[in-house]
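What follows is a set of notes on a single structure, which appears directly below.
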Amino acid sequence: MAFLRSQNDVETRLCTAVNVAIQAGDADQLQSIVLLEPGIGNVFPPDHQELIGSLQSNYPATDDDAEQRLEELIKRVVTETADSEDEEGRPVQSWGSLVTFLVGWMTFLRDMDTNNLVLIFELMTDLQPRANSALQHPTKGILMLPTIMYYAKVFARVAVGLDKKPHLIQHLITEAEEGQRESLPEKAANIVRQAFIICLNDRNTAPGGVRDGKPDGKKAGIYKMANICLKTLFQADKLGSCETIFTNITNSSPPLHIYPAAERTTFLYYLGRYHFSNTNFYAAQLVLEVAWLGCHKQCLSQRRLIAVCLVAANLILGRFPTEKIYKDPAAEGFREVFVPITQAIRKGDLESFRRITNLNLTHPSVDFMMRYRIFYPIGNYCEVLVWRSLIRRVFAISGVVGEGDKAAALLDLNATLHVFRLLEARAQIKNAAMAAQDGGPGRRNMGHIFQDHASTNKSTYIDPDFVGMDGVEPSNLEMDLLEMECICGSLITQGFINAHISQSRSALVVQGVKKQGLAAGFPVPWEVNKEKNMENCNDEVLGWKKEAGVEGGKVVRLQFAAPAGS
Amino acid sequence: MSGSAQGSNDMKKAVVNDSKNTEQPLALEKKPTTQLEEDDEFEDFPVEDWAEEETQIPAGNTHLWEESWDDDDTNEDFAVQLREELKKLGK
């Protein structure tokens, strides 16, 4: 970079360049001057290299007046920070916060050591709020947006990197309110979040924050800033801290669709993951499908991350991927993982389902599911679908539909229990081939007993407090009729079976089957889930701003915004 | 309910074969090594904005999901096994 080399000292030259960038309204140029890190080859541009040396000798950290002298120099050279008038003669207030920021930037360069992450984090903790303050200037602040984005990324990277080295950062972890410990990524995200709030609350925009179909003023930075905060919080596993960001957006953001595709897609990915982790699978699939369909077709790694979560959410809701999804190049390997699960659900094959989701983590699909964090959700939430299919199957084989018009269709719960117990017991046998030959008590292949502890082991544990009491027996965790009734009750309550339980007959009384067939008694799970969610939310998703709110939405009051991690 | 002895043998054979294909009985004692790893990073997009034409997946964007998937094939292995099992109960 050749920043006006005629000037004498490097501080003046760079400050002059800053002033020129502001005069030209060139935010990207400003960002390219206030560098934080060396570039390719670990070297700064010559001007910056010279600046660091000059600051260290002429404005050393040991000199108490150094910052004061820098401030005076900046004020003198960067005239754009003084009071001025706009083209129409209206007064423009001074931009003192930029002076403070530039002093902070210079001392950062002077003091930082690229090998000392802890020091860089501490310096950034001081510098980032200065950049945020400079962003706050009503008219010129917007020029700070690219700089803030760039700083926030560096800050987040340092925080996440340090978070993985706990021995380095013990002294930096502070007790937040109520004794909770705030991790470094949360601390960084909270500081960056202030910039997000400034963008969100910019009053200096066209009504609603939209001009000519594009976000106006600092509102252009809302999703850029939100995405950095979300990325930081996700990398630090602090998903719970994302909620205030989504609430703020719902309250005050212009609609998402007017933002560039990269910001939209990234934001919807995090929003979908957030809802998925909160078990709002319906909301998750709504946003993830939009993200997936809107993702650039050549960006396979991003599309893959979206697709994994999208498919998992749909599986849980009872929708299976078609060939269209399996054929997406971003979905490589999906078929091997998801088809066995959908097969188990289709058939009601509880044994196979248990094998796939077994907590001993031996199934070949486990690595994939653990990596993408869908193992537990699928194991926990697809189970009901397997139950439903199995009961439907048993009903189709052995259900008794009475003769008369009004006669009920009965499913013997003892027979159902027998099948459930058999499949659960088989799933305990580690060797699937031997399990397949297991014909149940009396017809059992005993080969596995010699190598397989779990399948034959029954609990003998009784709590010491209860030893010797009458009628106390160890629980062997085998299903009984009561549990079978509970399973049926759960399916009935969730709307997956249209029936009631007759305890006197130990039977499930399935309704509508006689006249309308199986579908009346066992409705399509996706339809059931969809209807339930439409009643509750009508496709409204927290954090997904589809339409402009009344007069640009509500104002976010900072005093109510809890910090992330609270 | 109509499973014959013939059907039963076929079923047994098929199931054993199936299991051999998907499981490795000798590798059963493998210790679980999987752990929750660091979240895969959602990388920044190389371009900021793109048109709708740039988003199409090769197979098209309709009929992505199968909603009605109940398996009513009474002759596949699992159904036959269940029928046999229930038959033993006199069902």
Options A:Val401, A:Val386; residue that is under 21 Å from A:Ile497 (Cβ atoms), touching a helix residue (DSSP H, G or I) at 6+ places or on another chain (Cβ under 6 Å), at pLDDT below 95 and more than 10 Å from chain B (Cβ to nearest Cβ): A:Val401
Residue list for the range A:104-117, filter: part of a helix (DSSP H, G or I) and open to solvent by 20 Å² or more (accessible area, probe 1.4 Å): A:Arg110, A:Asp111, A:Leu117
Selection count where residues are within 26 Å of A:Arg303 (Cα to Cα), facing chain B (nearest Cβ under 10 Å) and outside any helix (DSSP H, G or I), scope the range A:324-378: 6
Of residues in the range A:481-502 being in contact with a Gly (Cβ under 8 Å, 6 or more places away or on another chain) and assigned to a strand (DSSP E or B), the one least open to solvent (accessible area, probe 1.4 Å): A:Ala499
Condition check for A:Ile316: part of a helix (DSSP H, G or I), more than 9 Å from chain B (Cβ to nearest Cβ), over 29 Å from B:Pro46 (Cα atoms) and open to solvent by less than 10 Å² (accessible area, probe 1.4 Å): no
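Looking only at the range A:503-534, how many residues end up being of a type in the set (Lys, Arg), assigned by TED's automatic domain parsing to the domain that holds A:Glu485 and surrounded by fewer than 18 Cβ atoms within 10 Å (Cβ to Cβ)?
Total meeting the criteria: 2.
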Residues (of a type in the set (Ser, Thr, Tyr) and over 18 Å from A:Val509 (Cβ atoms)) located in the range A:378-414: A:Tyr381, A:Ser389
Sole residue being small (Gly, Ala, Ser), in contact with a helix residue (DSSP H, G or I) (Cβ under 8 Å, 6 or more places away or on another chain) and at pLDDT 95 or above, chosen from A:Ala21, A:Ala82: A:Ala21
Residue pairs meeting the criteria (Cβ under 8 Å; at least 6 apart or on separate chains; first farther than 10 Å from A:Tyr150 by Cβ and not assigned by TED's automatic domain parsing to the domain that holds A:Arg157, in the range A:15-37; second acidic (Asp, Glu) and modelled with pLDDT under 95): A:Asn19/A:Glu80; A:Ile22/A:Glu80; A:Gln23/A:Glu80
Filter pass, A:Asp63 being in a helix (DSSP H, G or I) and not aliphatic (A, V, I, L, M): no
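Limited to the range A:124-148, what total is found for residues that are closer than 18 Å to A:Leu184 by Cα and either open to solvent by 20 Å² or more (accessible area, probe 1.4 Å) or outside any helix (DSSP H, G or I) (or both)?
3
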Any hit, the range A:293-311, residues being at pLDDT 95 or above, more than 8 Å from chain B (Cβ to nearest Cβ), within 30 Å of A:Ala425 (Cα to Cα) and outside any loop (DSSP other than H, G, I, E, B): yes
Single residue of the range A:368-410 satisfying the filter (out of contact with any strand residue (DSSP E or B) (no Cβ under 8 Å at 6 or more places or on another chain) and among the small types (Gly, Ala, Ser)) that is farthest from A:Cys309 (Cα to Cα): A:Gly404
Cβ pairs under 6 Å, 6+ apart, first in the range A:304-322 and closer than 14 Å to A:Glu289 by Cβ, second among the basic types (Lys, Arg) and part of a helix (DSSP H, G or I): A:Cys309/A:Arg273
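The values are calculated or read from the model by the stated rules, or taken from the named source; none is laboratory data. Source: prediction; values computed, not measured. Virtual Cβ from ideal backbone geometry, glycine too; neighbours counted across all protein chains shown. Remember, those area values only see protein heavy atoms, side chains included, never the ligands or the DNA or RNA. Shrake-Rupley method; radii C 1.70, N 1.55, O 1.52, S 1.80 Å.
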